[in-house]
Amino acid sequence: MRTLVHLSDLHFGRVDRALIEPLRRCVWRLEPNVVVVSGDLTQRARAEEFIEARTFLKTLPGPQIVVPGNHDVPLYNVIKRFIAPLDNYLRYISTDLAPAYIDAEIAVVGINTARSLTFKSGRINEEQVEHVRAKLCSLPETVTKIVVTHHPFDLPPNWDNDHIVGRAPLAMQMFSRCGADILLAGHVHMSHAGDTTARYKIEGFSALVVQAGTATSTRGRGELNSFNVLRIVPGQVTVERYAWESQVNDFMMADSETFERAAAGWLRKTRIAVPTPP
């Protein structure tokens, strides 16, 4: 079994600082094999925000797969936005915009979907699709294949489709050929787990879509600060959502969903909601 911690939308520059240390302690307790951060490390892509984000990431276990989000591109500095949109990200976080971690059980590949020409939307291009294909297609079926982006390939119910990453159908066709199993994203600050079969009608293919809420931002959009933990064995994934509980000053498991792969795609086997502490 592999354990993956999935954080997203940290938004340093607009964080609830009371959550930082409890989050760090909780992640270490979970003993993850990999920590994933699916974008929006900062609020306005300022150097001081990236320095804070880098300092926090250094306190977490590794290995880490980190990708940028649209907030990691400058909004008001127009020249920098178009000339060097990810300059601060590259300087303070990582020069690798296509990070990957592969072992005998899982393969985790990151894609940068942040773009200069859009304020919120993201996009994936053919070169990125080819890079993921080269990483994933040659791996055996026993390896669970995971793709990480900031912008999602699917959405929780009742969300505007404008939030879906641009050129998603192109990427999904490649994912179907390479057998991508799980798609991790953030962006909308809402937790969600489902599969791709309703939106993408690709015969014989289904990927599990898992979105994380915001772990530390003050912009929760009606949901408590949270993050996901994935417990992965071949053919089965359990998604645990950890939410902030101010009563105990800690992140606690709020619910757990187990999905199993079947001929019809990913099927939800169990869903357990954990009572809130008194």
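Bear in mind that the values in this text are calculations on the coordinates, not laboratory data. Keep in mind it's a predicted model, so treat the numbers as computed, not measured. Here Cβ is always computed from backbone atoms with ideal geometry, including for glycine, and neighbour counts include all displayed protein chains.
Structure above, values below:
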| item | result |
| --- | --- |
| Considering only the chain, percent of DSSP beta bridges that pair antiparallel, nearest 5 | 65 |
| Amide proton proximity set for Glu245, modelled H, under 5 Å, gap of 5+ | Asp250, Phe251, Met252 |
| Chymotrypsin sites (Phe, Trp or Tyr not before Pro) lying in DSSP loop within segment 117-186, provided at most 12 other Cβ fall within 10 Å | Phe119 |
| Leading residue at positive end of dipole, segment 2-273 (Cβ point charges), from Ile272, Gly186, Ala104 | Gly186 |
| Peptides ranked, highest mean first, by Cβ atoms within 10 Å: ranges 3-10, 52-59 | 3-10, 52-59 |
| Helix-derived mean residue ellipticity, 222 nm - over the chain, DSSP H n ≥ 4, -39500 (n - 2.57), to 500 | -6000 deg cm²/dmol |
| Charged-residue dipole, Cβ positions (Lys, Arg, Asp, Glu), segment 2-273 about Cα centre, Debye nearest 20 | 320 |
| Loop-resident sites, segment 206-278, for trypsin sites (Lys or Arg not before Pro), counting at most 14 other Cβ within 10 Å (DSSP) | Arg219, Arg221 |
| Dipole of segment 2-273, positive direction: furthest Cα of Gln236, Leu41, Pro74, with charges on the beta-carbon | Pro74 |
| Relative contact order, percent, segment 2-273 [alpha-carbon distance under 8 Å, six or more residues apart] | 19 |
| The chain: equivalent-ellipsoid semi-axes (sqrt of 5 x gyration tensor eigenvalues, Cα, Å) | 26, 24, 17 |
| Neighbour cut-off at most 10 other Cβ (10 Å), DSSP loop, GluC sites (Glu not before Pro), segment 147-255 | Glu203 |
| Highest average packing first - 104-115, 136-147, 37-48, Cβ atoms within 10 Å | 37-48, 104-115, 136-147 |
| Cysteines without a disulfide-compatible partner [the chain; Cβ-Cβ under 4.7 Å] | Cys26 |
